[in-house]
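A short worksheet on the structure shown next.
The values are calculated or read from the model by the stated rules, or taken from the named source; none is laboratory data. Computed from a predicted model, the values in this text were never measured in an experiment. Here Cβ is always computed from backbone atoms with ideal geometry, including for glycine, and neighbour counts include all displayed protein chains. Please note that ligands, DNA and RNA were not included when accessible areas were found on the heavy atoms of the full protein model with its side chains. Shrake-Rupley method; radii C 1.70, N 1.55, O 1.52, S 1.80 Å.
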Amino acid sequence: MGALTTSEAYDALSNFASSYGPDPLLLLLHASVPETLRPDILHLIQINFLAGPADPSREADVLFAPFTTCLGGDYYRIDAQVRWHGLTLLRSLYREEPSGREVRVAELLWCHLEQLERGKRITAQTLLGDYIAVQRWVALAYLEPSDAARAFAQALRAIEAQSSADSSAVSITAYAQLGGLAAALELPLAGEPELLTYAKGLDALAKGDEPNATRLLEALGDQPLQIGEVSLKAPTQWLGHQVEERLRRQLEEQKKRELVEQQRQAEEVFNETEREPVAADPPEVVHAAAVVPTVGAIRLQSFSFTTCLLRKEDNRWKWSTKGSWIEERCILQVEGFLEQLEHEALRQQAGAQVVALTMVKIPSGSFLMGSPRAELERYNDEGPQLEVKLESFFMGQTPITQAQWREVAGWQEQTGEKWGRQLKPDPSRFQSKEGQGETKVRLLAGESNTDHRPVEEVSWLDAMEFCSRLSQRTGLNYTLPSEAQWEYACRAGTTTPFCFGDTITAKLANYDGRLAYADGPKGVYRVQTTPVGMFPANGWGMHDMHANVSEWCADHWHPNYIDAPDDGSPRINPNAKMDERRLLRGGSWDSSPRGCRSAYRSLIFPDFRSGTIGFRVCCLPQD
């Protein structure tokens, strides 16, 4: 769609608020600060400035609104007039804040850009590099408007200084790159109208829009433009250069037409004496961007996620800029695949929501399983530490949810399939269905049911039946993780007690926050499960590895790692009885921080069920 007028933009905002409600509208107002949106920065804005758990549907409402344009890939731009109105409303809503809400969003944007640059992937992603360059200008313009104006003027002046008197065309081409920033900086640099008009005029020249360029530059006069201590060339000088540039282009076009005509005449002469052979069809060109990565028959796709680390500074733990704790968040990507769970009953229902497992690719590598002797509050069964080397595998990004369990439990056997045991469709202690009324569960803000909470009250035998059904139905090799695979995926390359660092907080996981680990803080005790994925993931995209529910592993229990497998395979006793105890990992909503460490392990009988125990699945390479 074309650019909106002022009245159309106002109507578009009103319609958006009526259609989607206050929370998506509030997210849209905050999203008016960045010049270009990506899903990662939009997600960070939501989790930092909107109350309650993050809701992906709000982000989708903004990204796919009628006034938002997809620029390709994961880049989106909100109409400029809508952004103007959005920013005005944002300032009005938070006019009591000393620094202004737009400045706080700009601070978040600046920190996010620094995290992206630390990812060392910019050189391989041209779009990402351009995005960071433009967004840095935007963030600086909100944070330090006068400094940004001088820097913008200096950048324009630097290009001018590099151009010789007879190469004005090169100057205009170079100016086009910075002139395009005028639209991006129009909101935060509204106090510098002459600088913006100058840049817009040069941008119009570069695009060949001579009438608009003439209107803009002549309005500034024929005197050099002064921005602070920076002096820019008189605007009207560029109009004379444009005439010269137009004549040069016309001459080049004439030469091209003459060469084409000469080539045509030469071909006619050749064809009169010798028939030209018919060329064979060229081979099909497969562009790299069109190739879908695969592992065997699995088609991979990318998933974005938020991760964080806790950092200690000046002998004190600090959280953000508001208190004593520092939490460093960033958004990363991993590869994986979606496993659709097609329940027969759902296929009969129009508009039924598709339930799927998100399986993340865990890279091959090695690690030290267990805890070092010096780790605070360790248990003796967490050693001796053992170096384990693992091949790549896939692991569920979250514990199995109640909705996922219900789907598989409701499957009916098909030809060639054989179920081993009956599964209750709704075994969980903490459950509440849509419209069920009052239950023992306290639903969180934004929750209408507990479908996205982990399933619990399932035994090891139940979990293995779930994996068996998945394997039979999909043809892939689903199973419970070995405890080595579980700890390797939990640590995600870290060696600290938790994947987040040397301690943990109740803002990062669901455990008994009344208890502290090391010199970390105390927090809330939620006394129930929480929706999976509510807290940040670790560095490999795995959510809820510390607490929420303890998770079954495939192994039999052993009191130490002496003679344990060093290839990541489960430790199975070949002559064990069916009731021999099995491994649990991860801690639960009722655990102390000590019981949520990466190395913590516990044991229980395979037919035991509890509101603190759930599981996640692995998908292993095919034989």
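Just to be sure before I move on: is Gly383 surrounded by 14 or more Cβ atoms within 10 Å (Cβ to Cβ) and at pLDDT below 95 in the structure I sent? For Gly383, the condition - surrounded by 14 or more Cβ atoms within 10 Å (Cβ to Cβ) and at pLDDT below 95 - is met.
Within region 500-515, the set of residues being in contact with a Leu (Cβ under 9 Å, 6 or more places away or on another chain) and either aromatic (Phe, Trp, Tyr) or on the phi < 0 side of the Ramachandran plot (or both) comprises Phe500, Asp502, Thr503, Ile504, Thr505, Leu508. Looking only at residues of region 554-591 that are within 30 Å of the chain's Cα centre (by Cα) and polar (S, T, N, Q), we find that the one that is nearest to Gly513 (Cα to Cα) is Ser591.
Do any strands (runs of 3 or more DSSP E) lying entirely in region 385-480 carry at least 2 residues that are touching a Phe, Trp or Tyr at 6+ places or on another chain (Cβ under 6 Å), and which ones are they? Can you show your working first?
Details: elements: 386-390, 393-396, 477-479.
Correct list: 386-390.
For every residue, the table says whether it meets (1) buried (at least 22 other Cβ atoms within 10 Å of the Cβ); (2) of a type outside the set (Ser, Thr, Tyr); (3) modelled with pLDDT of 75 or more; (4) out of contact with any Ser or Thr (no Cβ under 7 Å at 6 or more places or on another chain).
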{"residue": "Leu181", "(1), (2), (3), (4)": "yes, yes, no, yes"}
{"residue": "Leu189", "(1), (2), (3), (4)": "yes, yes, no, yes"}
{"residue": "Thr197", "(1), (2), (3), (4)": "no, no, yes, yes"}
{"residue": "Asp203", "(1), (2), (3), (4)": "yes, yes, no, yes"}
{"residue": "Asp209", "(1), (2), (3), (4)": "no, yes, no, yes"}
{"residue": "Arg215", "(1), (2), (3), (4)": "no, yes, yes, yes"}
{"residue": "Glu218", "(1), (2), (3), (4)": "no, yes, no, no"}
{"residue": "Asp222", "(1), (2), (3), (4)": "no, yes, no, no"}
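Residues that are within 30 Å of Ser569 (Cβ to Cβ) and assigned to a loop (DSSP other than H, G, I, E, B): does region 521-528 have at least one? Checked region 521-528: no residue is within 30 Å of Ser569 (Cβ to Cβ) and assigned to a loop (DSSP other than H, G, I, E, B). Here is a check on your reading of the model: is Ala599 modelled with pLDDT of 95 or more and among the hydrophobic types (A, V, I, L, M, F, W, C)? Criteria met by Ala599. The set of residues in region 581-623 that are assigned to a loop (DSSP other than H, G, I, E, B), open to solvent by less than 60 Å² (accessible area, probe 1.4 Å) and out of contact with any Gly (no Cβ under 7 Å at 6 or more places or on another chain) comprises Gly586, Ser588, Trp589, Ser591, Ser592, Arg597, Ser598, Pro606, Ser610, Gly611, Thr612, Phe615. Of the listed requirements (1) at positive phi; (2) of a type in the set (Gly, Ala, Ser); (3) open to solvent by less than 50 Å² (accessible area, probe 1.4 Å); (4) more than 27 Å from the chain's Cα centre (by Cα), Ala518 misses just one: (3).
Out of everything in region 547-580 that is in contact (Cβ under 8 Å) with a residue 40 or more places away in the chain and of a type in the set (S, T, N, Q), what residue ends up being surrounded by the most Cβ atoms within 10 Å (Cβ to Cβ)?
Here is the first cut: in region 547-580, the ones in contact (Cβ under 8 Å) with a residue 40 or more places away in the chain are 547-555, 557, 559-562, 564-571.
Add one more test, that the residue is of a type in the set (S, T, N, Q), and what stays is 548, 550, 560, 569.
Working: Asn548: 33, Ser550: 27, Asn560: 13, Ser569: 16.
Filtering first and then ranking leaves Asn548.
Out of everything in region 103-113 that is in contact (Cβ under 8 Å) with a residue 60 or more places away in the chain and within 11 Å of Phe49 (Cβ to Cβ), what residue ends up being surrounded by the fewest Cβ atoms within 10 Å (Cβ to Cβ)? Checking each candidate, the answer is Leu108. Note on region 326-375: residues that are open to solvent by 70 Å² or more (accessible area, probe 1.4 Å), closer than 24 Å to Gly520 by Cα and at pLDDT 95 or above amount to 0.
Given the structure, is Ile41 β-branched (Val, Ile, Thr) and open to solvent by 30 Å² or more (accessible area, probe 1.4 Å)? No: the conditions fail for Ile41. Within region 502-530, residues that are closer than 11 Å to His546 by Cα reach partners that are surrounded by fewer than 16 Cβ atoms within 10 Å (Cβ to Cβ) and of a type in the set (A, V, I, L, M) with beta carbons closer than 7 Å, at six or more positions or on different chains, in the pairs Ala506/Val524.
Selection of region 15-44 for residues being farther than 28 Å from Ala141 by Cα and hydroxyl-bearing (Ser, Thr, Tyr) yields Ser18, Ser19, Tyr20.
If the condition is being assigned to a loop (DSSP other than H, G, I, E, B), closer than 25 Å to Glu8 by Cα and open to solvent by 80 Å² or more (accessible area, probe 1.4 Å), then region 51-101 contributes Phe64, Pro66. Report whether or not Glu245 is open to solvent by 50 Å² or more (accessible area, probe 1.4 Å) and either farther than 30 Å from Arg91 by Cβ or at pLDDT 65 or above (or both). In short, no.
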